[in-house]
1. Taking only the stretch 1-30 into account, find how many residues are polar (S, T, N, Q) and farther than 20 Å from residue 119 by Cβ.
2. For the stretch 30-47, indicate whether the set of residues that are part of a strand (DSSP E or B) and in contact (Cβ under 8 Å) with a residue 60 or more places away in the chain is non-empty.
3. Name the single residue, out of those in the stretch 159-176 being surrounded by 13 or more Cβ atoms within 10 Å (Cβ to Cβ) and in a loop (DSSP other than H, G, I, E, B), that is nearest to the chain's Cα centre (by Cα).
4. Given the conditions (1) in a helix (DSSP H, G or I); (2) under 19 Å from the mean Cα position of the chain (by Cα), which single one is not true for residue 58?
5. Does the stretch 94-112 include one or more residues that are within 13 Å of the ligand (Cβ to nearest atom) and farther than 25 Å from residue 184 by Cβ?
6. If you go through the stretch 13-29, how many residues are in contact with a strand residue (DSSP E or B) (Cβ under 8 Å, 6 or more places away or on another chain) and either in a helix (DSSP H, G or I) or within 11 Å of the ligand (Cβ to nearest atom) (or both)?
7. For the stretch 133-147, state whether one or more residues are of a type in the set (A, V, I, L, M) and surrounded by fewer than 16 Cβ atoms within 10 Å (Cβ to Cβ).
8. Out of curiosity, is residue 106 in contact (Cβ under 8 Å) with a residue 24 or more places away in the chain and assigned to a loop (DSSP other than H, G, I, E, B)?
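Values in this text are rule-based calculations from the coordinates and carry no lab data. Just so we're clear, the structure is a prediction, and the values are computed from it rather than from any experiment. Quick reminder, even Gly has a Cβ in these numbers, built from the backbone with ideal geometry, and neighbours come from all protein chains shown.
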Amino acid sequence: MNIILLGPPGAGKGTQAHHLVEARGMVQLSTGDMLREAKSSGTEMGNRVAEVMARGELVTDEIVIGLIREKLEAGAAGGFIFDGFPRTLAQADALGELLAEKGESLDAVVEMEVDDETLVQRVVNRAKEAAAAGRPVRADDNEDSMRTRLMEYYKKTAPLIGYYHAKGQLAKVNGLGQIAEVQASISAVLDS
Ligand code: AMP
């Protein structure tokens, strides 16, 4: 089963993806993680990407589609969880084509709904916790970048909600509440 976790930054997509990896043997494909890896490589591409990410803007479709294409090659017996991808309509079309080329399809798109103030608060707290624990703080986990990330989400990613709804693939879950409650809502969608 291949699924997309769709939702604004700070909605908890990564946390829920980790759970699905453990519980269902799925493979998480997070373009954010892949880009952060590219960034730490110190290459010219990595440095350019780092600046765009720190501002909270989206990197180009070409780069992220290329990253996903590579990872899909390897296949995943338990299926893929797309986390933070697709983020634009062009990426959504590309994903559909890449899956079709492999004779695969998308089984569900789970939209995690969380209100904006909670999102900003979560991200600011995530940065505080990381700093207190001595872990590196994400360059884009501050209030300014977060506002840009939210705006990018509403302008470029939120149209995917209508796109997948029209295809009959969209399911909404409440992203507020305890992690286990959200897990249960997502499981209910995947098992239905
Ligand atoms: P994330 O870890 O998913 O919050 O992503 C962090 C940052 O990486 C985003 O704010 C973007 O700058 C970049 N990014 C991640 N995934 C994508 C994507 N699918 N398309 C464009 N930019 C992305």
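1. 2
2. The answer is no; no qualifying residue exists.
3. Once the filter is applied, the top-ranked residue is 175.
4. Among (1) in a helix (DSSP H, G or I); (2) under 19 Å from the mean Cα position of the chain (by Cα), residue 58 violates only (1).
5. Yes, the stretch 94-112 has at least one match.
6. Initial filter on the stretch 13-29 (in contact with a strand residue (DSSP E or B) (Cβ under 8 Å, 6 or more places away or on another chain)): 13-14, 16-18, 20-21, 26-29.
Subset that is either in a helix (DSSP H, G or I) or within 11 Å of the ligand (Cβ to nearest atom) (or both): 13-14, 16-18, 20-21, 29.
Selection size over the stretch 13-29: 8.
7. Scanning the stretch 133-147 turns up at least one residue that is of a type in the set (A, V, I, L, M) and surrounded by fewer than 16 Cβ atoms within 10 Å (Cβ to Cβ).
8. Against the criterion (in contact (Cβ under 8 Å) with a residue 24 or more places away in the chain and assigned to a loop (DSSP other than H, G, I, E, B)), residue 106 qualifies.
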